[in-house]
1. Which order do 6, 197 fall in if you start with the one that has the fewest other Cβ atoms within 10 Å?
2. Where in the stretch 65-102 is the amide nitrogen less than 20 Å from a point lying 7 Å along the Cα-to-Cβ axis of residue 15?
3. What does the C-alpha gyration tensor say about the overall shape of the stretch 164-234? Classify as rounded when a/c is under 1.5, otherwise prolate if a/b is larger than b/c, or oblate.
4. Cα-based Rg of the stretch 1-97 per 2.2 N^0.38 Å, rounded to two decimals?
5. What number in nm² do you get for the stretch 93-141 if you take the convex hull of its Cα atoms and divide its surface by four?
6. Which far-off residues, 5 or more places away or on another chain, put their amide H under 5 Å from the one on residue 104, with H placed in the peptide plane?
7. With a cut-off of 8 Å between alpha carbons and a minimum separation of six or more residues, what is the relative contact order of the chain in percent?
8. Please return the longest stretch of the chain lacking exposed loop sites, where GluC sites (Glu not before Pro) count only if DSSP places them in a loop and at most 15 other Cβ atoms lie within 10 Å.
Amino acid sequence: MTHPSYNIIHEPHLEEPVLIVALDGWVDAGLGASGAVAAIFKDRATETVAVFDGDRFIDQRARRPIVNIHDGVNTGLAWPEISVVSCKDDTGHDLLVMTGPEPDFHWRQFVAGIGDLVSSLSVRTVVGFGAFPAPTPHTRPVRLAATVPESSRELLEGIGSVRGDLEVPAGIMGAVEIGLGAQGVPVITLWARVPHYVAAMSFPEASAVLIEGLEPVAEISIDTAELRSTADAARWQVDELVERNPEHAEMVSNLEHALDASEGNPLGVDEVPTGDELAAELERFLSGEDS
């Protein structure tokens, strides 16, 4: 089947699947979202269901295709693509996962395409994955925050949300929330709060928390034991780095006190440093790794 925005590659028999949207190109601190998708796909049978029109949505000079050359012969191109694959969770529930680059063009048309696909596949809930740098210490559990359209407000229960008013540049899931909300589809974006000083390195706990957030909002169950084990090792590594530098240790202590004072504010909005402050702190921390 062909749609103006996508092509159906395979039409599986699905029973009220959940769609996870995890597109590259927006905020993914600690590789939280990409790590979660990799963990979901590991040792799990997948099948491509649909591919979106790359010529319509992707700037191929910004995201150039990969050319394969063998002994001077161009044997083909690997084009960047936005695809939807199917798999099952640990209890047999149907799951769809959308991956690939965030669209560069025609967001409204892209959202309309998702809406059509969601309707044709009888998707019951759409969940976006993201992770952002936050003023939180690595010594405390990673917490989730979430955003939803008005029609899906009930999905916020037990997750947490932004307190007060906030204006930030939008990722594609902001547009998807509005579009699917108008369509009456339950939709939520889960955000893992990653310590800002480790945002440029892999922080597997963020991935584990995102996956675990699927259970309360979509009744999807995926074991995170392996991710949690990897997360413990990553935390110990950061502990060692912090212990080498009194300035870093003081920073972490201050973040712990600030977190205690801001309990009940899942995003810590009142304490968020500026972008320049975050960048400077991250640079200072990473420059001390070899000290």
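A short reminder: the numbers here are calculations on the coordinates, not readings from a lab. Keep in mind that this is a model prediction, so the values were computed, not measured. When we count neighbours, we look across all protein chains shown, and the Cβ atoms used for this are built from the backbone with ideal geometry, even at glycine.
1. Fewest to most other Cβ atoms nearby, the residues stand as 6, 197.
2. It comes to 86-97, nothing else.
3. Numbers: a/c = 3.20, a/b = 1.44, b/c = 2.21.
In terms of gyration-tensor shape, oblate.
4. Ratio of Rg to 2.2 N^0.38 Å for the stretch 1-97: 1.26.
5. Averaging across all directions leaves 5.8 nm² for the Cα convex hull.
6. Counting only residues 5 or more places away or on other chains, the set is 58, 59.
7. 23
8. On the way: sites that count: 15, 157, 167, 219, 263, 289.
For GluC sites (Glu not before Pro) (loop position, at most 15 other Cβ atoms within 10 Å), the longest site-free span of the chain is 16-156.
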